[in-house]
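Novice: This is the structure, below, for whatever I ask next.
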Amino acid sequence: MAVDLGESERYRLLADSTRRAVLTVLDDTAAPVALQSLARDAAAARYSSGDPPDEVVEQTTVALHHNHLPRLADAGLVEYDRDRKRVVDCSNEIAVL
C-alpha cells in the first residue's frame, strides 16, 4: 500500500539536506544499510571536499539516529531498526515524492 504524503509534509521532509542525502543513498540499494555506512555516505554527499572527517560522520550518525531517521520512518519513507541500527528504503512505496 502506497503512503500518500501531503504537499506540505513532502516539502518539510525534503527541506533538509541530510534527509535528501539519506533518501538518495538508500535509493541505490534494496538491502538494509548499516547506520554507520549510511551516515558516512550521507555526510560525503553533503561534504564538498573529499571524504568527510570522522567527526562529521559521527555528528551525522547521531543526527540520523535521533532526528532524521525517526522522522523519515514516521512518514513511511524508511524502516529504521533502532536496536540493530539498520535502515531500509521504503520510498518506492510512496505515492508522490
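Novice: Which value in Å is the Kirkwood Rh of region 1-50 over different Cα pairs?
Specialist: Kirkwood hydrodynamic radius for region 1-50: 12.2 Å.
Novice: Then there's this: Just subtract the alpha-carbon distance of VAL56 and ALA31 from 0.36 nm times their residue separation and send over the number in nm, one decimal.
Specialist: Additional length available on full extension: 6.5 nm.
Novice: Using a Debye calculation, one point per C-alpha and no hydration shell, please list log10 I(q)/I(0) for the chain at q = 0.18, 0.19, 0.22, 0.23 Å⁻¹ in order.
Specialist: Once normalised to I(0) and log-transformed, intensities are -0.77, -0.86, -1.13, -1.22.
Novice: With r defined as the distance between the Cβ atoms of ARG82 and ARG46 and R0 fixed at 35 Å, what FRET efficiency is calculated, to the nearest 0.05?
Specialist: 0.95
Novice: Separate question: Work out from phi, with θ = phi - 60° and the Karplus expression 6.51 cos²θ - 1.76 cosθ + 1.60, the ³J(HN,Hα) of each residue of region 38-52, listed in order in whole Hz, and give x for Gly and Pro.
Specialist: 4, 4, 5, 5, 5, 5, 5, 5, 9, 9, 7, 10, x, 5, x
Novice: Right, here's the next one. Could you sort 46-52, 9-15, 76-82 so that the peptide with the highest average Cβ count within 10 Å comes first and the rest follow in order?
Specialist: Ranked from most to least packed, the peptides come out as 76-82, 9-15, 46-52.
Rule-based calculations on the coordinates, nothing more; no lab input. Please read these numbers as outputs of a predicted model, since none were measured by experiment. Heads up, the Cβs are rebuilt from the backbone with ideal geometry, glycines too, and the neighbour counts pull from every protein chain shown.
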